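Undergrad: Take a look at the following structure, please.
The values are calculated or read from the model by the stated rules, or taken from the named source; none is laboratory data. All figures in this text were calculated on a predicted structure; none of them were measured in a lab. Please note: Cβ atoms are built from the backbone with ideal geometry, for glycine as well, and neighbour counts cover all protein chains shown. Note: areas computed on protein heavy atoms with side chains; ligands, DNA, RNA excluded. Shrake-Rupley method; radii C 1.70, N 1.55, O 1.52, S 1.80 Å.
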Amino acid sequence: MTLDPNHLGANLRQAALHVERGEQDRARQRYRKILERSPHDPEALEQLTPLITSAELQSHKAALNSALKRTSRPGDDRAKLHFGLARLAKQEQNLARLQSHLAQANAEIAAQNPYDPEADTHQTQAILSQFPKASQTIVPRQDHPRPIFITGLPRSGTTLTEAVLGAHPDVAALGERAATGFLTQPFLDGTTPFDLEAQAKLASDYLSRLPDLSAGTRAFSDKMPENYRYIGYLIAAFPDCRILCMRRDPRDVALSMWQAHFSGQALSYSYNLKAMAHRFNLHAAMQLHWQKIYPEQLMVVSYKDLVSDIDAQSRRLAQFAGLGWSPAMARPDQNATPILSLSAGQVRQNVHQRSLGAWKKHEEMLSPFIQALDPDLWPELL
């Protein structure tokens, strides 16, 4: 079988792989070649936006606007183009246009994929009701590296934290793994008992889905943020695991998410500011519950502390994971492991504090979100 070198999907995936590997020049070239053949492709236009030079800004803006005029049908394609135009407005420091394009981009997706707050609340309560206290667990297994689950809200620092851990020579950074969400589905409503047999099966099934790990690997990380919902199940299945709970100012998280275009439908709440606040409140309540019943296996990682003193925080992470500290952990920007998330570009930079408090410039835009946050759950607001 001969592969078509002009296949759009294959070329888009190849360009994304270059981004994941930090190969920006090659990604830029690939997206430009795609646009030579398909000049109005929304995905290529959106993904090329952060890679353009300042001299290309106006011509790229014209290309995005031209594609937007041709894309009259509501949905994801229009959202991609609005997200691209929002990024350009941010580069031009045009706050009004930035907010307008973000509002339109998020509204396009929210209309196609609405969030159900009642269903989300019901499932959260069903999960927590199964773990009123630390559950009985199986005997810890000794024939696999220690799992380290990095959990939290998206855009809260999970990617940076994994890059820090993954810089350790004895840690395999495995990125966002969907296995836990899939394997725990039968138990989430509480009707199927999560007994000792189920715990053992969850551990076995999860481990069977891991890639081959190199000899000498002492720990591996799974940075799927949504695993914060499944902490009770994970600790029951892996009593020797460690759970990292990321904590970042929710207003900065919301701003970052409002500007992000996520793949799939799992983050439907992120495209409506009030829905985002509802999910954030559920998240904070769950985190407090898990910290109360599993204080030995959970560690809260402050994003602010992490970017303010990477040396001290990397030492803290190493100690919690049962590892000796490696100097490479303080230079996560030099970690060559592919990064399969929207944070790929940021993590390739030196650790910085530029995003701390960024929400203050956009307080009016975020006001529906901020007003709906529960201050009892988010003391940062006071």
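Undergrad: Could you please find all residues in region 199-227 being open to solvent by less than 10 Å² (accessible area, probe 1.4 Å) and more than 30 Å from Arg279 (Cα to Cα)?
TA: Across region 199-227, the qualifying residue is only Ala219.
Undergrad: How about region 279-382: which helices (runs of 4 or more DSSP H) wholly inside it have at least 3 residues that are open to solvent by less than 40 Å² (accessible area, probe 1.4 Å), modelled with pLDDT of 95 or more and among the small types (Gly, Ala, Ser)?
TA: 310-321
Undergrad: Any residue in region 30-43 that is over 10 Å from Leu64 (Cα atoms) and charged (D, E, K, R) sitting within a Cβ distance under 9 Å of a residue that is surrounded by fewer than 17 Cβ atoms within 10 Å (Cβ to Cβ) and modelled with pLDDT under 90? List the pairs, counting only those 6 or more apart or interchain.
TA: From residues that are over 10 Å from Leu64 (Cα atoms) and charged (D, E, K, R), the pairs are Arg37/Asn6; Arg37/Leu8; Glu43/Leu8.
Undergrad: Give, as residue ranges, the helices (runs of 4 or more DSSP H) completely inside region 95-189 that count at least 1 residues that are open to solvent by 70 Å² or more (accessible area, probe 1.4 Å), of a type in the set (S, T, N, Q) and in contact (Cβ under 8 Å) with a residue 40 or more places away in the chain.
TA: Output list reads 117-129.
Undergrad: Filter region 228-276 down to residues that are open to solvent by 20 Å² or more (accessible area, probe 1.4 Å) and closer than 23 Å to Gln319 by Cα, then give me how many there are.
TA: 5
Undergrad: Could you check region 131-159 and list, in sequence order, the residues that are aliphatic (A, V, I, L, M) and modelled with pLDDT under 95?
TA: Ala134, Ile138, Val139
Undergrad: Shifting gears a bit: How do the pairs read when you match residues in region 54-71 that are within 17 Å of Gln93 (Cβ to Cβ) with residues anywhere that are open to solvent by 40 Å² or more (accessible area, probe 1.4 Å) and not in a helix (DSSP H, G or I), using Cβ under 9 Å and keeping only pairs 6 or more apart or on different chains?
TA: Taking only residues 6 or more apart or on different chains, the pairs are Leu57/Glu92; Lys61/Glu92.
Undergrad: Determine the pairs where a residue that is within 9 Å of Trp359 (Cα to Cα) and modelled with pLDDT under 95, located within region 243-257, has a partner that is polar (S, T, N, Q) and buried (at least 23 other Cβ atoms within 10 Å of the Cβ) with Cβ atoms under 6 Å apart, the partner being 6 or more residues away or on another chain.
TA: Cβ pairs passing all conditions: none.
Undergrad: Touching a Ser or Thr at 6+ places or on another chain (Cβ under 8 Å) and touching a residue at least 40 places away in the same chain (Cβ under 8 Å): which single residue out of Leu282, Leu288, Leu323 fits that description?
TA: Leu282
Undergrad: Is it true that Asp77 is touching a residue at least 24 places away in the same chain (Cβ under 8 Å) and more than 30 Å from Pro332 (Cα to Cα)?
TA: Yes.
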